[in-house]
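The values are calculated or read from the model by the stated rules, or taken from the named source; none is laboratory data. Because the structure is a prediction, the values reported are computed rather than measured. All Cβ positions, even for glycine, are placed from backbone atoms using ideal geometry, and neighbour counts span all protein chains on display.
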Amino acid sequence: MTEDPSERYPSKFRPWGEPVTQVPPHLYGRWKRDPLLRIANGFFSVTIPAFAHLMRPRNLAEPSTSRDLKVVAREIVAHDKDVVALTFVSADDTPLPRWTPGAHLDLLLPSGRMREYSLCGDPADSGSYRIAVRRIPDGGGGSVEVHETLHVGATVTVKGPRNGMPMAVPGHGSSAEHLRFVAGGIGITPILPMLIAAERLGLDWSMLYTGRSTDTIPFIEEVERFGDKIEIRTDDVHGIPTPDVLIGDAPGPVALYACGPVPMLEALRVGLIGRNDVELHYERFSAPPVVDGKPFTATLSESDITVDVAADETLLAAVLKRKPDAAYSCKQGFCGTCRVTVTDGLVDHRDQTLTPFERDQGQMLTCVSRAAGDHLTIDL
Ligand code: FES
């Protein structure tokens, strides 16, 4: 949506005032026009429109620039051999955008699939990016494609980096005095750069790293260098960690950053009820559960298919059963990949991504949003 602020307000309410159109004469009559005001007039006539342009509401879902990266290293980083770390450099020697801990890349895979992977290298390394991908044979095919096609020398198009879980440094945007990190398995990927940053900044931090077994935990040698700040607990030896174990016993205020499977995040959420001294930041592996959903049907007009969407199912999940090539990535309502246009029916929008203008245009995100009534028709 683009809106010129000068059109939103009558001139007497314009907070930046009006450009001076008639330069008044000099106060003491020395010049026909006051030179100071002539300069001011020129300055503001340029800067005010520029300021107004910058203040225009932006489309937050606007896709970022894409670029080609080349794989220069490939390393197995879990003993079960199912997690591969890939290091990329720019394919055309253009500089890579800088990034901050918690950021991810969107990989546009050769099949047309788009998948997000957290950057797990050193944010201070301006020459390369690193991601890590666990192979999920019965998943949507993205991780298998990464494992089977992105060998050293291969190129891939990416968008980003973008950051959905930025890390606030205590004293600079966070009142926390202790940072607590909780990672489950491959959930270590967005956390690893945070550990590097926390260590580099000399912050007070601790971490719990969990997984099914030691063999399934990626980067185990890499995290062990942080010594006793990291506690590694595996389900096969220690059992499933309780909320108290996940949260730790550091006195508040604490900022807790977590990434892992849904049960781990749910345990954290339950454990933090009533804890006002802990701020929780988290990233899921998978779609959040549907809350207060009602069943409905959706007609995919371009495919001539009608699907039933159960009360506890997303529209995207129902679509994928009949149309497995439907585009998606995050399944959490923030990447915009699953966007469709609704041609009939009312939408219960449950994302934080689409602008009011885009919603007015009939757009919806199938991974989180639903029908407000019994039926929708979408252009898929
Ligand atoms: S898949 Fe990312 S917004 Fe729907």
Original post:
Looking at (1) within 16 Å of the ligand (Cβ to nearest atom); (2) surrounded by fewer than 17 Cβ atoms within 10 Å (Cβ to Cβ); (3) of a type in the set (A, V, I, L, M, F, W, C), which is the one condition that is false for residue 319?
Top reply: (2)
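From 71, 152, which residue is outside the structural domain of residue 214 (by TED's automatic domain parsing), modelled with pLDDT of 95 or more and touching a Lys or Arg at 6+ places or on another chain (Cβ under 9 Å)? Before you say what the answer is, go through the steps one by one.
Values: 71 fails: touching a Lys or Arg at 6+ places or on another chain (Cβ under 9 Å).
None of the others qualify; the one that does is 152.
Select from segment 217-268 the residues that are of a type in the set (Gly, Ala, Ser) and under 25 Å from the mean Cα position of the chain (by Cα) and write down the one among them that is farthest from residue 203 (Cα to Cα).
Looking only at segment 217-268, we keep the residues that are of a type in the set (Gly, Ala, Ser), and these are 227, 239, 248, 250, 252, 255, 258, 260, 267.
Filter once more, so that each one left must be under 25 Å from the mean Cα position of the chain (by Cα): 255, 258, 260, 267.
Numbers: 255: 12, 258: 17, 260: 23, 267: 26 Å.
Here the answer is 267.
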Original post:
Within segment 133-156, which residues are hydroxyl-bearing (Ser, Thr, Tyr) and either crowded, with 19+ Cβ neighbours inside 10 Å or under 20 Å from residue 334 (Cα atoms) (or both)?
Top reply: 143
Original post:
Among the numbered criteria (1) away from the ligand (no atom under 13 Å from the Cβ); (2) among the hydroxyl-bearing types (Ser, Thr, Tyr); (3) touching a residue at least 12 places away in the same chain (Cβ under 8 Å), which single criterion is violated by residue 353?
Top reply: (1)
**OP:** Inspect segment 344-365 for any residue being modelled with pLDDT of 95 or more and within 23 Å of residue 139 (Cβ to Cβ) and give the result as yes or no.
**Re:** yes
**OP:** Answer with yes or no whether residue 96 is outside any helix (DSSP H, G or I), touching a Lys or Arg at 6+ places or on another chain (Cβ under 7 Å), under 28 Å from residue 167 (Cα atoms) and modelled with pLDDT of 90 or more.
**Re:** no
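Going residue by residue through segment 296-316, is there one that turns out to be within 14 Å of the ligand (Cβ to nearest atom) and without any contact (Cβ under 8 Å) to a residue 60 or more places away in the chain?
First pass over segment 296-316, keeping only residues within 14 Å of the ligand (Cβ to nearest atom): 314-316.
Subset that is without any contact (Cβ under 8 Å) to a residue 60 or more places away in the chain: 314, 316.
Yes, some residue in segment 296-316 is within 14 Å of the ligand (Cβ to nearest atom) and without any contact (Cβ under 8 Å) to a residue 60 or more places away in the chain.
Yes/no per residue for (1) more than 19 Å from the chain's Cα centre (by Cα); (2) farther than 24 Å from residue 81 by Cβ:
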| residue | (1), (2) |
| --- | --- |
| 93 | yes, yes |
| 105 | no, no |
| 114 | no, yes |
| 119 | no, no |
| 128 | yes, no |
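Is segment 301-313 home to any residue that is outside the structural domain of residue 105 (by TED's automatic domain parsing), at pLDDT below 90 and closer than 30 Å to residue 244 by Cβ?
no
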Subject >> Tabulated pairs, segment 329-349, first more than 11 Å from residue 367 (Cβ to Cβ) and within 14 Å of the ligand (Cβ to nearest atom), second in a strand (DSSP E or B) and of a type in the set (D, E, K, R), C-beta under 8 angstrom, 6+ apart or interchain >> reply: 347/370
Original post:
Of all residues in segment 358-377, which are more than 10 Å from the ligand (Cβ to nearest atom), surrounded by 15 or more Cβ atoms within 10 Å (Cβ to Cβ) and closer than 17 Å to residue 316 by Cα?
Top reply: 362, 363, 370, 371, 376, 377
Subject >> Selection status of residue 81, among the charged types (D, E, K, R), in a loop (DSSP other than H, G, I, E, B) and farther than 24 Å from residue 168 by Cα >> reply: yes
